[in-house]
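A.B. asks: Just passing along the structure, written as structure tokens.
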Amino acid sequence: MGNRGPKPTPTIELKKRGSWLINNRADEPEPESSIPACPIWLKGEARIEWKRITKELSKLGMISELDKAVLVDYCRSWEEYCEACKMIDTGEYKDKFTETSGGKALHPALKLRDNAMTRIHKAASHFGLSPACRVGLKAQPKQTKDNKDRRTKLKIS
């Protein structure tokens, strides 16, 4: 049987919240923040979304090389969502239902759109990409050259 209850909150989020729970996670690995290389086969809307989202996540220090697979899934799901919306909006599918041997069924483009959005929400929750996921997060102060130099001098002194 799997673990019960909600998934644990990532340590980086707990740190941003100032939570005391980080004291219980001393041995947890913390990957270095970096932007993974965009796969060359990622095209169109998926590639555009990759560039947009990795830039924003990097500013927050919430991305590493380990996140590549989840990012690919998120971006591919976004592309599928956009394509399904285009199919629906072009008017090719004027009716939301199609005739089947058993009666009427929801049109496949609507199913594609809804499935893609479900996958987007699942992947997005890993990165705090919705207002609900960001509740309680505190932004880390931006590292400037002056701050870095000042901290280095303080450690040496």
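A.B. asks: Among the residues of the stretch 33-72 satisfying the criterion of being of a type in the set (Val, Ile, Thr) and in contact with a Cys (Cβ under 8 Å, 6 or more places away or on another chain), which is nearest to residue 124 (Cα to Cα)?
C.D. replies: Keep residues of the stretch 33-72 that are of a type in the set (Val, Ile, Thr), which gives 35, 40, 48, 53-54, 63, 70, 72.
Filter once more, so that each one left must be in contact with a Cys (Cβ under 8 Å, 6 or more places away or on another chain): 53-54.
On the way: 53: 10, 54: 12 Å.
This residue is 53.
A.B. asks: Of all residues in the stretch 47-66, how many are under 20 Å from residue 84 (Cβ atoms), over 13 Å from the mean Cα position of the chain (by Cα) and either in contact (Cβ under 8 Å) with a residue 12 or more places away in the chain or crowded, with 17+ Cβ neighbours inside 10 Å (or both)? Reasoning before the result, please.
C.D. replies: Of the residues in the stretch 47-66, the ones under 20 Å from residue 84 (Cβ atoms) are 47-50, 52-53.
Next, only the ones that are over 13 Å from the mean Cα position of the chain (by Cα) stay: 47-48.
Then drop every residue that is not either in contact (Cβ under 8 Å) with a residue 12 or more places away in the chain or crowded, with 17+ Cβ neighbours inside 10 Å (or both), which leaves 47.
Residues that pass the stated criteria total 1.
A.B. asks: Next up: Would you mind telling me which numbered condition in (1) part of a helix (DSSP H, G or I); (2) modelled with pLDDT under 65 residue 70 fails?
C.D. replies: Going through the list (1) part of a helix (DSSP H, G or I); (2) modelled with pLDDT under 65, residue 70 breaks only (2).
A.B. asks: Would you call residue 30 under 22 Å from residue 125 (Cα atoms) and modelled with pLDDT of 85 or more? Working first, answer last.
C.D. replies: Details: under 22 Å from residue 125 (Cα atoms): yes; modelled with pLDDT of 85 or more: no.
Answer is no for this residue.
A.B. asks: A further question follows. Criterion first (modelled with pLDDT of 90 or more, out of contact with any helix residue (DSSP H, G or I) (no Cβ under 6 Å at 6 or more places or on another chain), acidic (Asp, Glu) and assigned to a helix (DSSP H, G or I)) does residue 83 satisfy it?
C.D. replies: Numbers: modelled with pLDDT of 90 or more: yes; out of contact with any helix residue (DSSP H, G or I) (no Cβ under 6 Å at 6 or more places or on another chain): yes; acidic (Asp, Glu): yes; assigned to a helix (DSSP H, G or I): yes.
In short, yes.
A.B. asks: Quick one: count up the residues across the stretch 67-83 that are closer than 11 Å to residue 49 by Cβ and touching a residue at least 60 places away in the same chain (Cβ under 8 Å).
C.D. replies: 0
A.B. asks: Out of the residues in the stretch 106-132 meeting the condition of being assigned to a loop (DSSP other than H, G, I, E, B) and modelled with pLDDT of 70 or more, tell me which one is farthest from the chain's Cα centre (by Cα). Working first, answer last.
C.D. replies: At the first step, the residues of the stretch 106-132 found to be assigned to a loop (DSSP other than H, G, I, E, B) are 107, 126-132.
After this cut, where a residue has to be modelled with pLDDT of 70 or more as well, the list is 107, 126-130.
On the way: 107: 28, 126: 5, 127: 4, 128: 7, 129: 6, 130: 9 Å.
Of everything passing the filter in the stretch 106-132, 107 is farthest from the chain's Cα centre (by Cα).
The values are calculated or read from the model by the stated rules, or taken from the named source; none is laboratory data. From a predicted model like this one, the values you see are computed outputs, not experimental measurements. FYI the Cβ positions are ideal-geometry reconstructions off the backbone, even for glycines, and counts take in every protein chain you see.
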